[in-house]
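Scroll down for the structure; my scribbles are underneath it.
The values are calculated or read from the model by the stated rules, or taken from the named source; none is laboratory data. Computed from a predicted model, the values in this text were never measured in an experiment. With ideal geometry, Cβ positions are generated from the backbone for all residues, glycine too; neighbour counts draw on all protein chains shown. Just the protein is used for accessible areas: all its heavy atoms, side chains included, with ligands, DNA and RNA removed. Shrake-Rupley method; radii C 1.70, N 1.55, O 1.52, S 1.80 Å.
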Amino acid sequence: MSKPKVAFYWCASCGGCEETVVDLAEDILGVVEKVDIVLWPVAMDFKYKDIEAMPDKSITATFLNGAIRMTEQEEMARLLRRKSVYLIAYGSCAHLGGIPGLANQFPREQILKFNYEDAPTIPKGEQTRPLTAFTEEGRTTTLPALHNVVRTLDQVVDVDYYVPGCPPTPKITRAAVDALLSGKLPPKGSVIAPDHALCDECSRKDTKPDKWDFVEFKRPHQKLMDEKCFLAQGVVCMGPATRAGCDAVCTEGGMPCTGCFGPTSRVRDQGAKILSSLCSNLAAKEEDEIEATLAGIPDPVGTFYRYGLAKSILRRKINLPAKS
Amino acid sequence: MDKPSKSNIRIGFYVCHCGSNIAAMVDCPAVAKYVETLPNVVLSRDYKYMCSDPGQELIQKDIAEFKLNRVVVASCSPLLHEHTFRGAVEAGGLNPFFFQMVNIREHDSWVHTDKAEATAKAKELARAAVLRVAQHKALEVKKVPIHPDALVVGGGIAGIHAAMTLANAGKKVFLVEREPSIGGHMAKFDKTFPTLDCAACILTPKMSAVGTHPNITLLSYSEVTKLDGYVGNYTVTVKRKPRYIIEDKCTGCQDCIVNCVYKEPKFRDEFNEGLGKRKPVYIPFPQATPQVVAIDPKTCLNFRNGELTNKCKKSCVTACGEKQAIDFNQQETFLDLKVGTIIITTGFQTFDAKRMPQYGYGKYPNVYTALEIERLVNTSGPTGGHVVMRDGKTEPKSIGIIHCVGSRDKKTNRWCSRVCCMYSMKLAHLLKEHTGAEVYSFYIDMRTPGKGYEEFYDKLLEEGVHFIRGRVGEVTDWAMSKEEMEEGKLIIRVEDTLAGYVRRIPFDMVVLATGMEAQSDAQDVRRLFNMSCGSEGFFLERHPKLAPVSTFTEGIFIAGACQGPRDIPDTVAQAGAAAAEALALIDKGHIEQEPNTAYIIEEECCGCKSCLPLCPYTAITFDTGKKKAVINEALCKGCGTCVAACPSGSIVQNLFDDDEIFSEIQGVLAHE
Amino acid sequence: MSEQWQPRIVAFFCNWCTYTAADLAGVSRLKYAANTRVIRLMCSGRVDPQFILDALAKGADAVLIGGCHPFDCHYAEGNYKCLRRFQLLKRMLKDMGIEEQRVRLEWISAAEGEKVKRVINEMTETIRALGPLGIPQKFAAWDQEMEAFAAHVEAGEALKTPCSAHAPQQEPAHV
């Protein structure tokens, strides 16, 4: 009996998701024994044309991490979708757009201009822009182009399951792999993580007050934080609006949750929900007092949609162009 | 028809013409035709009057015949007929909450002028309801028991009548009055129009009946300071202000008043509108109920500083003797009452005549307000019914009565106070009777709708009261000429609109028929009892025609002039109506609560406590064992604030759940 | 869209005040612009910021919220909760490129039918002057950059043409 074929691929991501696969440690060997890895650019050498040559749906499962930011990524997403029975959005970027999704606040041209021309690390006179095609001696070399919009995987192709996290923890990765191998799969479209919010597994939960009455908000670097619930200390923590499953590694490690697991299934917009929850619990009643308290959240988009901007209801800064 | 229909939902849609109220501005057949194309709609009709019996029967028949399991009616405001149609749906055998109403009358046909736009809007609103109703769930109406005791706030004639009606029906009633005695404005009146029976003769027996009724607890000199709970189960906190008399011990003998160190009354007597004087220890008026004196700490020497204190001989305490009813150390106390229903009868205040300086009230001594005249003509009034001017001896030979002071005037109050024409004529009659003076009445329009009212006007005409149609320009003491006998008189300058010229008429006495307005603290009372005020400041009834004594808060009713200007017969009728509404609730024994409460899905809640402090009714508590929040649905009033704030979407509000609202949003926006 | 563009305003009205005021406007036969679509909620405190975002994303040009005046909330303080959310949401929407006039919070008591009329007329004119927000159209326009690819890959031609050929637009060479 042939082993199920599995592919790993990365798009717009930092590589952290790949690390998690490696972090499975000895368990990876168990996985390798049970499956045939047909594509894993980080670890092994496979050619695009090999995949292209495979029959459709011949890969059992593809774990794709990273947002879809460039033409090449879109192409690979579409190709792997066609070749796979299950396409799994792996990690925050594929699931929600992730950190790359924050680029949806800026026009592509501005990003390119800064990174290739205006950044202080670029010597004067040496500014250059990447080409998408270059012809020399009759041979054309090409490079992928940047899309105007950063997308989640499911905004490009149909996605079967989501494994959340930046990066997903080895534990939930293992849970996903086990589910696949055992055939005990949840309904299509499920996020493979608990469907309640993080506070439930946070060790600081018992220090929560019964009344909030926020009078100020501080960012982690502005405050000496103790062992209590971060919100009780006036530090924005995305925990209440973020799916559990990570074992609260950040809050255990002394930092508030930033929301990488995304919202629960009942929430359409993670940022709107944490905003609603925090603001409802302000102490102030007068407009200017409210404003003063909220001044402690200088960048609501970056704070509430750190991973989820591409997947948010508005997706992208609305007045940005569709074409550069 | 090829329509996407993923489920077995079968919607019946009805658009009501409401005669021509809707049909004149909304193309109803076009709306019905459009809705027919929407998902899950199996039947779409337009009908002349959906709320009529045949309309409701149509719904019931269709439910059976077409196996409908959802119903949408596009007609008037749900605040008017949602209940009616839910009833029809229920009678048809469905859960009444498989129903959604579309407001295309108040929010559409009545407010728009372009038929195409109004029709387009009706279609979009209908589409929203069709999408929404598909999400509806079967809900159960919760029955909450009603506490049989009732509270009446305000002891004027309205409160007295309401309290008596309830008490006579065997209900326990708490009557709270902020003044030392009940009686209100009516107790100050001399006679009542148009029958001219004496106000005291008809009121005081009722007052004493209140005082002695076994079912009525009279809390005079008290104010409601806090309201908690909900219909059927209110907790009311009443502040009992110190009157420095132990009510139970005072027999009303008034020996203390006689023996006060002030031998003569010296201080402004509020009951007599300042025309008379009272002592620091006083009883507001002879028939006051309860028959208990009060000590005014502002004027009683015992409460003054320094030497003044020493001048007090506490002679009242001595006079009281063994009864020991006087307690100078009495403090404010607070009382918690449990009641199921509340009737608000806080009455009105009269317009402050000083706000119209052109009429000279407060400047010219012989300009009076009508209420002052009521006291002046009253046999138990400060002058014993002898009508004299401020000098205390001269009888007026000529009297001018100015109507509509602080009524029907854009600069002050726009509304007609309804009673002034009639009471002005009553005063004209009484003044003429008492003094034989020439009486002139200056009116804008004579308004006499009421039983025997127009006849009273005829009678006055026969009695020789002069009626001059015209709004008075000013009252002045400036005499233009000696020949006109203006010297030393008050001259009313008015355009006689029937004669067609401006006149100057000299008078000894001028009476201002001040209008009625909402009490100055009506806004506080409104907030206390969770009511609304109309733009003119009076409490707002739930519906001007169909629910005139109900408010938007269940179990709280209004009656009398706190709801708008009205006379005694109307006030008493309303008080009776409010008492009947309260009785209907009490005797039913329970209230059916709109099932729009919220609940927390236990396995979804992470225990973040975000919702906990948001509930003003403390319906949300934290289960420390499970470490999750729990909503007590009996306490939840269904605002949905916690639902909107729950960061993990784990709270659901019945009737307004997220999916229902999102589908409404989609419905109003889906492009055709 | 055919005819002349008309602003679409989604309104969330509190049952106890603004919704009743809108009923009063009707009973009083006041006339106002037909551009709002009212969704009734029990309290402005029920207005989930998601509703506002969703309405805008589904094609509303503006969102109006009507609640009870300060101190007057039927449920004690729901209106304050609404106000606080609204203030931060408004700032966030600005960061997301949405003009602040497109979301408006008004306190309108049950007696203020006139104010319903005034606010709706004002807002309709403000939005008319601002022009359409058109988020659904923007979503469609953004996603056009993927259309070429989708077709190519589905046809199995992806391999035959270099990916850069599908780029939405060539980047300028050296600048």
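Give the number of residues within the range B:464-480 that are of a type in the set (A, V, I, L, M) and assigned to a loop (DSSP other than H, G, I, E, B). Lay out the reasoning, then the answer.
At the first step, the residues of the range B:464-480 found to be of a type in the set (A, V, I, L, M) are B:465, B:468, B:472, B:475, B:479-480.
Retained after the next criterion (residues that are assigned to a loop (DSSP other than H, G, I, E, B)): B:465, B:479-480.
Counting residues in the range B:464-480 that are of a type in the set (A, V, I, L, M) and assigned to a loop (DSSP other than H, G, I, E, B) gives 3.
If you go through the range B:53-65 one residue at a time, do you hit one that is surrounded by 18 or more Cβ atoms within 10 Å (Cβ to Cβ) and of a type in the set (D, E, K, R)?
yes
Would you be able to say whether some residue in the range B:264-276 is surrounded by fewer than 21 Cβ atoms within 10 Å (Cβ to Cβ), assigned to a helix (DSSP H, G or I) and at pLDDT 90 or above?
No.
Give the range A:114-129 a look and list any residue that's within 11 Å of chain C (Cβ to nearest Cβ) and under 24 Å from A:Thr71 (Cα atoms), or say none.
A:Tyr116, A:Glu117, A:Gln127, A:Thr128, A:Arg129
Among residues belonging to the range A:185-199 that are among the small types (Gly, Ala, Ser) and buried (at least 19 other Cβ atoms within 10 Å of the Cβ), point out the one that is farthest from the chain's Cα centre (by Cα). Walk me through how you get there before you give the answer.
We begin by selecting, within the range A:185-199, every residue among the small types (Gly, Ala, Ser); these are A:189-190, A:193, A:197.
Cutting the leftovers down to buried (at least 19 other Cβ atoms within 10 Å of the Cβ) gives us A:193, A:197.
On the way: A:Ala193: 14, A:Ala197: 17 Å.
Of everything passing the filter in the range A:185-199, A:Ala197 is farthest from the chain's Cα centre (by Cα).
Considering each of B:Ala138, B:Ala134, B:Ala122, B:Ala129 in turn, give the residue that is farther than 21 Å from B:Gly232 by Cβ and either among the β-branched types (Val, Ile, Thr) or open to solvent by 40 Å² or more (accessible area, probe 1.4 Å) (or both). Spell out the reasoning first.
Values: B:Ala134 fails: either among the β-branched types (Val, Ile, Thr) or open to solvent by 40 Å² or more (accessible area, probe 1.4 Å) (or both); B:Ala122 fails: either among the β-branched types (Val, Ile, Thr) or open to solvent by 40 Å² or more (accessible area, probe 1.4 Å) (or both); B:Ala129 fails: either among the β-branched types (Val, Ile, Thr) or open to solvent by 40 Å² or more (accessible area, probe 1.4 Å) (or both).
Only one candidate qualifies: B:Ala138.
Looking at the range A:107-155 only, could you name the residues that are among the β-branched types (Val, Ile, Thr) and touching a helix residue (DSSP H, G or I) at 6+ places or on another chain (Cβ under 8 Å)? Full working, then the answer.
Going through the range A:107-155, the residues among the β-branched types (Val, Ile, Thr) turn out to be A:111, A:121-122, A:128, A:132, A:135, A:140-142, A:149-150, A:152.
A:Ile111, A:Ile122, A:Thr128, A:Thr132, A:Thr142, A:Val149, A:Val150, A:Thr152 - these are the residues of the range A:107-155 that are among the β-branched types (Val, Ile, Thr) and touching a helix residue (DSSP H, G or I) at 6+ places or on another chain (Cβ under 8 Å).
Would you point out which residue out of B:Ser407, B:Ser424, B:Ser380 is part of a loop (DSSP other than H, G, I, E, B), among the hydroxyl-bearing types (Ser, Thr, Tyr) and either open to solvent by less than 40 Å² (accessible area, probe 1.4 Å) or touching a strand residue (DSSP E or B) at 6+ places or on another chain (Cβ under 8 Å) (or both)? Before you say what the answer is, go through the steps one by one.
Details: B:Ser424 fails: part of a loop (DSSP other than H, G, I, E, B); B:Ser380 fails: either open to solvent by less than 40 Å² (accessible area, probe 1.4 Å) or touching a strand residue (DSSP E or B) at 6+ places or on another chain (Cβ under 8 Å) (or both).
Exactly one residue qualifies, and that residue is B:Ser407.
Report the residue count in the range A:251-296 for those that are more than 10 Å from every other protein chain (Cβ to nearest Cβ), open to solvent by less than 20 Å² (accessible area, probe 1.4 Å), free of Cβ contacts under 8 Å to residues at least 60 places away in the same chain and outside any helix (DSSP H, G or I).
So the answer is 3.
If you go through the range A:17-51 one residue at a time, how many are in contact with a helix residue (DSSP H, G or I) (Cβ under 7 Å, 6 or more places away or on another chain), open to solvent by 30 Å² or more (accessible area, probe 1.4 Å) and within 14 Å of chain C (Cβ to nearest Cβ)?
The total comes to 1.
Of the residues that sit in the range A:161-173 and are part of a helix (DSSP H, G or I) and touching a helix residue (DSSP H, G or I) at 6+ places or on another chain (Cβ under 6 Å), which one is nearest to A:Ser265 (Cα to Cα)? Give the steps one after another, and end with the answer.
Just the residues of the range A:161-173 that are part of a helix (DSSP H, G or I), to begin with: A:170-173.
Next cut, touching a helix residue (DSSP H, G or I) at 6+ places or on another chain (Cβ under 6 Å) only: A:170, A:173.
Working: A:Pro170: 22, A:Thr173: 19 Å.
Among them, the one singled out is A:Thr173.
Scan A:Leu96, A:Leu87, A:Leu64, A:Leu80 and give me the residue that is at pLDDT 95 or above, surrounded by fewer than 24 Cβ atoms within 10 Å (Cβ to Cβ) and among the hydrophobic types (A, V, I, L, M, F, W, C).
Values: A:Leu96 fails: surrounded by fewer than 24 Cβ atoms within 10 Å (Cβ to Cβ); A:Leu87 fails: surrounded by fewer than 24 Cβ atoms within 10 Å (Cβ to Cβ); A:Leu64 fails: surrounded by fewer than 24 Cβ atoms within 10 Å (Cβ to Cβ).
After ruling out the rest, the residue left standing is A:Leu80.
Out of everything in the range A:297-319 that is open to solvent by 20 Å² or more (accessible area, probe 1.4 Å) and either at pLDDT below 95 or under 13 Å from A:Val236 (Cβ atoms) (or both), what residue ends up being nearest to the chain's Cα centre (by Cα)?
Filtering first and then ranking leaves A:Arg306.
Condition test on C:Cys43, is it more than 7 Å from chain B (Cβ to nearest Cβ) and surrounded by 23 or more Cβ atoms within 10 Å (Cβ to Cβ)?
no
Restricting attention to the range B:635-644, which residues are of a type in the set (A, V, I, L, M) and either touching a strand residue (DSSP E or B) at 6+ places or on another chain (Cβ under 8 Å) or more than 7 Å from every other protein chain (Cβ to nearest Cβ) (or both)? Walk me through how you get there before you give the answer.
Within the range B:635-644, the subset of a type in the set (A, V, I, L, M) is B:635, B:643-644.
Listed by number, the residues that qualify are B:Leu635, B:Val643.
Out of all the residues in the range A:130-153, which are facing chain C (nearest Cβ under 7 Å) and within 26 Å of A:Ile318 (Cα to Cα)?
Answer for the range A:130-153, where residues must be facing chain C (nearest Cβ under 7 Å) and within 26 Å of A:Ile318 (Cα to Cα): A:Pro144, A:Ala145, A:His147, A:Asn148, A:Val149.
Can you give me the number of residues within the range B:598-616 that are in contact (Cβ under 8 Å) with a residue 40 or more places away in the chain, within 14 Å of chain C (Cβ to nearest Cβ) and either farther than 30 Å from B:Gly87 by Cβ or in contact with a Lys or Arg (Cβ under 8 Å, 6 or more places away or on another chain) (or both)?
1
Taking the range C:63-94, which residues are touching a Pro at 6+ places or on another chain (Cβ under 7 Å), charged (D, E, K, R) and surrounded by fewer than 23 Cβ atoms within 10 Å (Cβ to Cβ)?
Let us first name the residues in the range C:63-94 that are touching a Pro at 6+ places or on another chain (Cβ under 7 Å), namely C:75-77, C:79, C:85, C:88-89, C:91-92.
Keeping just the survivors that are charged (D, E, K, R) gives C:77, C:85, C:91.
Correct list: C:Glu77, C:Arg91.
So is B:Leu461 at pLDDT 95 or above, farther than 27 Å from B:Gln349 by Cβ and either part of a strand (DSSP E or B) or not acidic (Asp, Glu) (or both) or not? Steps first, answer last, please.
Details: at pLDDT 95 or above: yes; farther than 27 Å from B:Gln349 by Cβ: yes; either part of a strand (DSSP E or B) or not acidic (Asp, Glu) (or both): yes.
Taking the combined requirement at face value, the residue satisfies it.
Can you tell me how many residues in the range B:537-557 are part of a loop (DSSP other than H, G, I, E, B) and modelled with pLDDT of 90 or more? Spell out how you get there, then give the answer.
Kept after step one, since they are part of a loop (DSSP other than H, G, I, E, B), are these residues of the range B:537-557: B:537-538, B:540-542, B:544-546, B:548-549, B:551-555.
Cutting the leftovers down to modelled with pLDDT of 90 or more gives us B:537-538, B:540-541, B:548-549, B:551, B:555.
So the count comes out to 8.
Of all residues in the range B:73-119 being surrounded by 21 or more Cβ atoms within 10 Å (Cβ to Cβ), small (Gly, Ala, Ser) and at the interface with chain C (Cβ under 10 Å from one of its Cβ atoms), which is farthest from B:Glu592 (Cα to Cα)?
B:Ala118
Out of B:Val502, B:Val475, B:Val510, report the one residue that is farther than 24 Å from B:Ile160 by Cα, in contact with an Asp or Glu (Cβ under 7 Å, 6 or more places away or on another chain), more than 13 Å from every other protein chain (Cβ to nearest Cβ) and not small (Gly, Ala, Ser). So that I can check it myself, show each step before the final result.
Working: B:Val475 fails: in contact with an Asp or Glu (Cβ under 7 Å, 6 or more places away or on another chain); B:Val510 fails: in contact with an Asp or Glu (Cβ under 7 Å, 6 or more places away or on another chain).
Testing whether each residue is farther than 24 Å from B:Ile160 by Cα, in contact with an Asp or Glu (Cβ under 7 Å, 6 or more places away or on another chain), more than 13 Å from every other protein chain (Cβ to nearest Cβ) and not small (Gly, Ala, Ser) leaves just B:Val502.
Within the range C:46-62, how many residues turn out to be more than 7 Å from chain B (Cβ to nearest Cβ) and either buried (at least 24 other Cβ atoms within 10 Å of the Cβ) or modelled with pLDDT under 95 (or both)?
Taking the range C:46-62 first, the residues more than 7 Å from chain B (Cβ to nearest Cβ) are C:49-50, C:52-53, C:56-57, C:61-62.
Filter once more, keeping what is either buried (at least 24 other Cβ atoms within 10 Å of the Cβ) or modelled with pLDDT under 95 (or both): C:49-50, C:52-53, C:56, C:61-62.
Looking only at that region, the number is 7.
Pairs please, first residue from the range B:192-221 and within 15 Å of B:Leu151 (Cα to Cα), second anywhere and among the aromatic types (Phe, Trp, Tyr), Cβ atoms under 7 Å, 6+ apart in sequence or on different chains.
Filtered contacts from the range B:192-221: B:Thr217/B:Phe174; B:Leu219/B:Phe174.
Condition first: facing another protein chain (nearest Cβ under 9 Å) and either over 21 Å from B:Ala644 (Cα atoms) or not in a loop (DSSP other than H, G, I, E, B) (or both). Now tell me which residues in the range A:203-228 satisfy that.
In the first step, residues of the range A:203-228 are kept if they are facing another protein chain (nearest Cβ under 9 Å); the result is A:205-206, A:208-213.
Those that are facing another protein chain (nearest Cβ under 9 Å) and either over 21 Å from B:Ala644 (Cα atoms) or not in a loop (DSSP other than H, G, I, E, B) (or both): A:Lys205, A:Asp206.
Could you tell me which of the residues B:Ala561, B:Ala598, B:Ala579 is open to solvent by less than 20 Å² (accessible area, probe 1.4 Å), touching a strand residue (DSSP E or B) at 6+ places or on another chain (Cβ under 6 Å) and either closer than 27 Å to B:Gln523 by Cβ or at pLDDT below 95 (or both)?
Numbers: B:Ala598 fails: either closer than 27 Å to B:Gln523 by Cβ or at pLDDT below 95 (or both); B:Ala579 fails: touching a strand residue (DSSP E or B) at 6+ places or on another chain (Cβ under 6 Å).
The match here is B:Ala561.
Can you give me the number of residues within the range B:610-635 that are closer than 19 Å to C:Tyr80 by Cβ and in a loop (DSSP other than H, G, I, E, B)? Lay out the reasoning, then the answer.
Narrowing the range B:610-635 to residues closer than 19 Å to C:Tyr80 by Cβ: B:610-620.
Right, trim to in a loop (DSSP other than H, G, I, E, B) and you get B:610-611, B:615-619.
Going through the range B:610-635 one residue at a time, the tally reaches 7.
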